[in-house]
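Notes follow the structure.
Quick note: the coordinates plus some simple rules give every number you see, no bench work behind them. On a predicted model such as this, the values are computed, not experimentally measured, just so you know. Cβ placement follows ideal geometry from the backbone for every residue including glycine, while neighbour counts extend to all protein chains displayed.
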Amino acid sequence: MCSSTFILILKKIFILFVSGFTFIRNAVKLDFPVLEAINSILPLCDEVVVAVGKSDDETLNLIKSIGSNKLKIINTIWDDSLRKGGEVLALETDKALAAVNPQADWCIYIQGDECFHENDYETIKNTMIKWKNNTSVEGLLFKYFHFYGSYDFVADSRRWYRHEIRIIKNNLGVKSWKDAQGFRIEGRKLKVKLINASIYHYGWVRPPKSMMIKNAEAGKYWHSDEYLNKKFDVNKDFDYSLIDSVSYFTGTHPKVMHNRISLKNWKFDRNPEIKNYNLKNKFLHFIEKNTGWRIGENKNYKIL
């Protein structure tokens, strides 16, 4: 075997081109940690496509302030007439995915309130290399930490999804599914490998007033104005105490989040022993806690 052929084989096996992609709108107004989200995937990516929706604030300048030559910004306009099932979020996700480099082997998806942890980078890289040329593997499935109220607690009831796809193979015809939580191919669930890495989700950690405003704004992509006016009063604080179950977070946060965490100026405290479950959910929680089996769990993927 000649040296040039050997080098080509090595490149096919070990060399990756990775594209990141995400979407965002009104990040300043709604206090999204989108800079942290993007910076958390930049070290893993050769490019990161950000679909920036036309905003009422300085979101575009905020994204530009990242200053990385890996950044590829596309300007989009959201269809505000779409008010069912969060489908506009999926459409914006697809716009970003469509703009990634066609030569990319893998595409890393991050939402504007999620982060990767630097401790997982090596595992993520090695897993992408391992399954790069295996055509049966279409995506990688991550575990989740859903932070709630403050950075010290995670929501742990069955209301919160435990896993989701955040890395997909390129050029397979993958589309964002429903409200952009996951992905499918022509309606079919993706075949994935579960990776020993986690997504740190901060969508429910904001000052109480900011949380109320964010929920009222986000609700526009699911509900009517009449419903939102009854559900949310933006002049009031969000009541974090309504959560059914939380537990203490005992790990470490991604470094990109440390500065934001240090600036937290509100207090949320909760005794994790307090559970607001009805009888049915108390039984289901007992089964899951003691067996790991989540009865009736929605799985938008097929684990290989």
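If the condition is being loosely packed, with under 15 Cβ neighbours inside 10 Å and free of Cβ contacts under 8 Å to residues at least 40 places away in the same chain, then segment 29-64 contributes LYS54, ASP56, ASP57, GLU58, ASN61, LYS64. Among the conditions (1) assigned to a loop (DSSP other than H, G, I, E, B); (2) farther than 30 Å from PRO43 by Cβ, the only one that THR252 does not satisfy is (2).
Among the residues making up segment 176-190, those that are at negative phi and surrounded by 16 or more Cβ atoms within 10 Å (Cβ to Cβ) are SER176, TRP177, ASP179, GLN181, GLY182, PHE183, ARG184, ILE185, LYS189, LEU190. The residue of segment 246-274 that is farthest from PRO208 (Cα to Cα), among those that are surrounded by fewer than 18 Cβ atoms within 10 Å (Cβ to Cβ) and of a type in the set (Lys, Arg), is LYS255.
Taken over segment 199-212, the residue count meeting the criterion of being crowded, with 19+ Cβ neighbours inside 10 Å and either more than 24 Å from the chain's Cα centre (by Cα) or in contact (Cβ under 8 Å) with a residue 40 or more places away in the chain (or both) is 7. Restricting to segment 65-124, name every residue that is among the acidic types (Asp, Glu) and free of Cβ contacts under 8 Å to residues at least 12 places away in the same chain. Of everything in segment 65-124, just one residue is among the acidic types (Asp, Glu) and free of Cβ contacts under 8 Å to residues at least 12 places away in the same chain, namely GLU122. Looking at this structure, is ARG159 buried (at least 18 other Cβ atoms within 10 Å of the Cβ) and within 29 Å of ARG83 (Cα to Cα)? Judged against the criteria, ARG159 is not a match.
Selection over segment 256-292 of residues that are in a helix (DSSP H, G or I), in contact (Cβ under 8 Å) with a residue 60 or more places away in the chain and farther than 18 Å from ARG206 by Cα gives a count of 4.
Checked across segment 225-245, the condition of being among the polar types (S, T, N, Q), surrounded by 14 or more Cβ atoms within 10 Å (Cβ to Cβ), in a loop (DSSP other than H, G, I, E, B) and over 20 Å from the mean Cα position of the chain (by Cα) holds for at least one residue.
Scanning segment 221-250 for residues that are hydroxyl-bearing (Ser, Thr, Tyr) and over 19 Å from TRP160 (Cβ atoms) gives TYR221, SER224, TYR227. Scanning segment 206-235 for residues that are farther than 25 Å from VAL154 by Cβ and of a type in the set (Lys, Arg) yields a total of 2.
Test ASN133 against the criterion of being at positive phi, of a type in the set (S, T, N, Q) and in contact (Cβ under 8 Å) with a residue 60 or more places away in the chain, and give yes or no. In short, no. Note on segment 82-131: among residues that are among the small types (Gly, Ala, Ser) and part of a loop (DSSP other than H, G, I, E, B), the one that is surrounded by the fewest Cβ atoms within 10 Å (Cβ to Cβ) is GLY85.
Criterion applied to GLY219, GLY203 was being of a type outside the set (S, T, N, Q), closer than 24 Å to LYS299 by Cα and part of a helix (DSSP H, G or I), and the one residue passing it is GLY219.
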